[in-house]
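Student: My structure is below; once you've seen it, I'll send some questions.
The values are calculated or read from the model by the stated rules, or taken from the named source; none is laboratory data. Fair warning: this is a prediction, and the values are worked out from it, not measured in the lab. Cβ sites come from the backbone with ideal geometry, for glycine too, and all protein chains shown count toward neighbours.
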Amino acid sequence: MKKKISIPFHKTHVSDREIEAVVEVMKSGWLTMGPKTIEFENQFKEYVGSNHAISMNSATAALHLALKAIGLKKDDEVILPTNTFVATAEVVTYFDAIPVLCDIDQRTHNIDVSKIEVLINKKTKAIIPVHFAGQPCDMDEIYEISKNYNLKVIEDAAHALPSKYKGDMIGCLKNTDITCFSFYATKTLSTGEGGMATTDNSGYAENMSINRLHGMSRNAWNRYDLKGSWYYDIVDSGNKYNTTDVNAAIGMIQLEKQFLLRSKRAEIAKRYNNSFKCNKNIIIPYVKSDRETSWHLYVIKVNNRDGIFEELKSIGIGCSVHFIPIHKHTFYRDKYGYKNEEYVTSNAIFKTSLSLPIYPDMKDEEVKYVIDQVIKVVNNHNK
């Protein structure tokens, strides 16, 4: 009997080194935020080239505290793309502020910079560009707008490790206020759950460091250590957003491998591109020549997407869709009155986008199977 093929949409890369690192922390007697977390932060800031790196338990937490650090308040407005995971908009609502949605670029699926300026008014506080699939947004244009209107820029870089914009790593761009990364289970660096905020602004770094742990005075995490102090002060309202040494231990090992893991995803993307580019029924991802994507996602555009998705699933190929636009979600549509017809490009892309498996541990025969079956199924659905 022929073995049934099963290729998941994503499989987290975990080697013996990550397992050994976790065991080492478990044996140390200290599991929560501690010396490993600090070491991970130091390594991460050196890796991306920023002055500060503040670890969190998610990118959502990082985005939340980034907005708090810049002083977002009730009724302020924040511009962000509608084509993003809900967390980007969700954190704005924590302040009773308003997420203002912008349509996206047809080719890159990133925020359409030509449509930002018309959304700005006296209540606008910040722009959150989201580097979709790992490809950096048009940051120079965004910086020009932010400078003209005195707006803060917070990058949602959940997909963008390691990505580069005009030769510079995402996470160290000098005109960005704060950059937020995700270490969720499906991300390019995965600690299961986790995130990081990077910044060159010492005030923002201090604010986020304090507020990730209940608003306690800095270094209060080591109050149970023999070298620590039992005394602490609460200096802000704060949250419980710190990561753990267990997560940090995994993160440090995976950080060492980032360029290697990216190169493996890039090779898969190259094979996909070469196989699909001449097929009139498939539109392959477009990457601008002056930037490098992490290849967190590989998204094609096809007609009859839903039928193709189901058939690929039935023959053992896991796929996904990125994303359901924010303006289509019931809560956001009803609360903020977003009108579907205002997001023409996002709507069109949502109907046709299909994300294919692209993870470092995919075997050659699995990549070939995906290629062969995608071509076959797509062509059959577009006769």
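Student: Could you tell me whether any residue of region 14-21 is in a helix (DSSP H, G or I), of a type in the set (Val, Ile, Thr) and within 30 Å of residue 363 (Cα to Cα)?
Tutor: Checked region 14-21: at least one residue is in a helix (DSSP H, G or I), of a type in the set (Val, Ile, Thr) and within 30 Å of residue 363 (Cα to Cα).
Student: How many residues are under 15 Å from residue 354 (Cβ atoms) and touching a residue at least 60 places away in the same chain (Cβ under 8 Å) when one looks only at region 301-316?
Tutor: 8
Student: To continue, here is another question. Just to be sure I understand, how many residues within region 141-167 are within 30 Å of residue 320 (Cα to Cα) and part of a strand (DSSP E or B)?
Tutor: 6
Student: Does region 190-204 hold any residues that are buried (at least 24 other Cβ atoms within 10 Å of the Cβ) and under 12 Å from the mean Cα position of the chain (by Cα), and which are they?
Tutor: 194, 195, 196, 197
Student: Select, from 310, 292, the only residue that is in the same structural domain as residue 343 (by TED's automatic domain parsing), buried (at least 16 other Cβ atoms within 10 Å of the Cβ) and not basic (Lys, Arg).
Tutor: 292
Student: If you go through region 189-220, how many residues are assigned to a loop (DSSP other than H, G, I, E, B) and of a type outside the set (Val, Ile, Thr)?
Tutor: 12
Student: Identify the single condition in (1) touching a strand residue (DSSP E or B) at 6+ places or on another chain (Cβ under 8 Å); (2) without any contact (Cβ under 8 Å) to a residue 12 or more places away in the chain that residue 282 does not satisfy, given that it satisfies every other one.
Tutor: Going through (1) touching a strand residue (DSSP E or B) at 6+ places or on another chain (Cβ under 8 Å); (2) without any contact (Cβ under 8 Å) to a residue 12 or more places away in the chain one by one, residue 282 breaks only (2).
Student: Which numbered condition trips up residue 77, out of (1) within 20 Å of the chain's Cα centre (by Cα); (2) in contact (Cβ under 8 Å) with a residue 40 or more places away in the chain; (3) closer than 30 Å to residue 330 by Cα?
Tutor: (1)
Student: Another question about this same structure. Mind listing just one residue for me: the one in region 42-74 that is under 17 Å from residue 160 (Cα atoms) and of a type in the set (D, E, K, R) and, of those, surrounded by the most Cβ atoms within 10 Å (Cβ to Cβ)?
Tutor: Top of the filtered list is 45.
Student: Of these, 165, 143, which one is touching a residue at least 12 places away in the same chain (Cβ under 8 Å), surrounded by fewer than 24 Cβ atoms within 10 Å (Cβ to Cβ) and closer than 22 Å to residue 70 by Cα? Give the derivation first.
Tutor: On the way: 165 fails: closer than 22 Å to residue 70 by Cα.
Of the residues listed, the single one that is touching a residue at least 12 places away in the same chain (Cβ under 8 Å), surrounded by fewer than 24 Cβ atoms within 10 Å (Cβ to Cβ) and closer than 22 Å to residue 70 by Cα is 143.
Student: How many residues are in contact (Cβ under 8 Å) with a residue 40 or more places away in the chain and either part of a loop (DSSP other than H, G, I, E, B) or more than 20 Å from residue 182 (Cβ to Cβ) (or both) if we restrict to region 226-268?
Tutor: The qualifying residues number 6.
Student: Next question. Checking the condition charged (D, E, K, R), under 22 Å from the mean Cα position of the chain (by Cα), over 15 Å from residue 271 (Cα atoms) and assigned by TED's automatic domain parsing to the domain that holds residue 276, which residue from 339, 376, 328, 335 passes?
Tutor: Step by step, each of 339, 376, 328, 335 is checked, and only 328 is charged (D, E, K, R), under 22 Å from the mean Cα position of the chain (by Cα), over 15 Å from residue 271 (Cα atoms) and assigned by TED's automatic domain parsing to the domain that holds residue 276.
Student: Any idea how many residues of region 246-282 are surrounded by 16 or more Cβ atoms within 10 Å (Cβ to Cβ) and over 25 Å from residue 360 (Cβ atoms)?
Tutor: The number of residues fulfilling the criteria is 2.
Student: Go over the candidates 351, 383, 376, 288 one by one and state the one that is at pLDDT below 95 and either in contact with a strand residue (DSSP E or B) (Cβ under 8 Å, 6 or more places away or on another chain) or of a type in the set (D, E, K, R) (or both).
Tutor: That would be 383, the only listed residue that is at pLDDT below 95 and either in contact with a strand residue (DSSP E or B) (Cβ under 8 Å, 6 or more places away or on another chain) or of a type in the set (D, E, K, R) (or both).
Student: With 179, 186 as the choices, which residue is assigned to a loop (DSSP other than H, G, I, E, B) and either touching a Pro at 6+ places or on another chain (Cβ under 6 Å) or of a type in the set (S, T, N, Q) (or both)? Can you show your working first?
Tutor: On the way: 179 fails: assigned to a loop (DSSP other than H, G, I, E, B).
Within the list 179, 186, the selection yields 186.
Student: Quick check on region 228-267: of everything there that is among the hydrophobic types (A, V, I, L, M, F, W, C) and touching a strand residue (DSSP E or B) at 6+ places or on another chain (Cβ under 7 Å), which residue is farthest from residue 170 (Cα to Cα)?
Tutor: Among them, the one singled out is 234.
Student: Separate question: If we keep just the residues of region 106-128 that are outside any loop (DSSP other than H, G, I, E, B) and touching a residue at least 40 places away in the same chain (Cβ under 8 Å), which is surrounded by the most Cβ atoms within 10 Å (Cβ to Cβ)?
Tutor: 127
Student: Still on this model: Of all residues in region 338-367, how many are of a type in the set (Lys, Arg) and touching a residue at least 40 places away in the same chain (Cβ under 8 Å)?
Tutor: Residues that pass the stated criteria total 1.
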